[in-house]
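Engineer: Dropping the structure in here first, questions after.
Just so it is clear, none of the values below were taken in a lab; they were calculated from the coordinates. Keep in mind that this is a model prediction, so the values were computed, not measured. All Cβ positions, glycine included, derive from the backbone under ideal geometry; neighbour counts span all protein chains shown.
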Amino acid sequence: MAVPGAGSAPLVATDEELVSRILAGDEAAFELLYQRYFKRIYRFVDRRLSNTADVEETVQEVFFNVFASLASYRREAPFSAWVLGLARRTIAGRFKRKRHPTVPLLPEENGEGLETRDSPLSREATPHEHYECQERMLALENQARELTPEQWQLFELHHLEDRSIADLSRELRKSPDSIKSNLYRARKILLAG
């Protein structure tokens, strides 16, 4: 009597096999690929970004980019190298998007100081910008009402007072995972508006 699976190929699919299955429409194959690479991508992004919320958001963006770009994977290099390259480009893109306008500290050579007419420091916001700001603040306030007192406290301590998860865990006598979970839910509620 033959033993099922004896002498057959291993049941673990290679990255390239998973890519082929995903491109053929197999959603379960993407879940397997996601599980296989999640921890590695998370560690990779976490070493480069300081804010946990940014890390989590960037990891999701990396996997979105992986899925959207799979057809361009040419199999010339190992899949893991391709994924990490995509993660590197995603992080670089986030840094480009997060750049804020800068203002020179010293007067420019043409004799003008910081108080120029076109300077962001001296320009009044337009009525439309005031309106948009007020609308965003109202939406955020409405969403904040849906937070539990614990979620609000954790959000305020971590994001507004820049306290670390480890500090909050010690101070509040809660596990880091519990704190991260509550912060995740709070951000999700606030961003839903």
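Engineer: How far apart, in nm, are two points set 7 Å out from the Cα along the Cα-to-Cβ line at Glu156 and at Ala92?
Structural biologist: Those two pseudo-labels are separated by 4.2 nm.
Engineer: Then there's this: With no solvent and one point on each alpha carbon, what is the Debye value of log10 I(q)/I(0) for region 127-191 at q = 0.22 Å⁻¹?
Structural biologist: The calculated log intensity ratios at q = 0.22 Å⁻¹ are -0.86.
Engineer: What does the extension gain come out to for Arg170 and Ala71, with contour length at 0.36 nm per residue minus their alpha carbon separation?
Structural biologist: 31.0 nm
Engineer: Follow-up. How far is the Cα center of region 30-44 from the Cα center of region 134-193, in Å?
Structural biologist: Each part's Cα centre sits 26 Å from the other's.
Engineer: Viscosity 1.002 mPa s, temperature 20 °C: give me the Stokes-Einstein translational D for region 15-98 in µm²/s, with Rh taken as the Kirkwood radius over C-alpha pairs.
Structural biologist: In µm²/s, the coefficient is 163.
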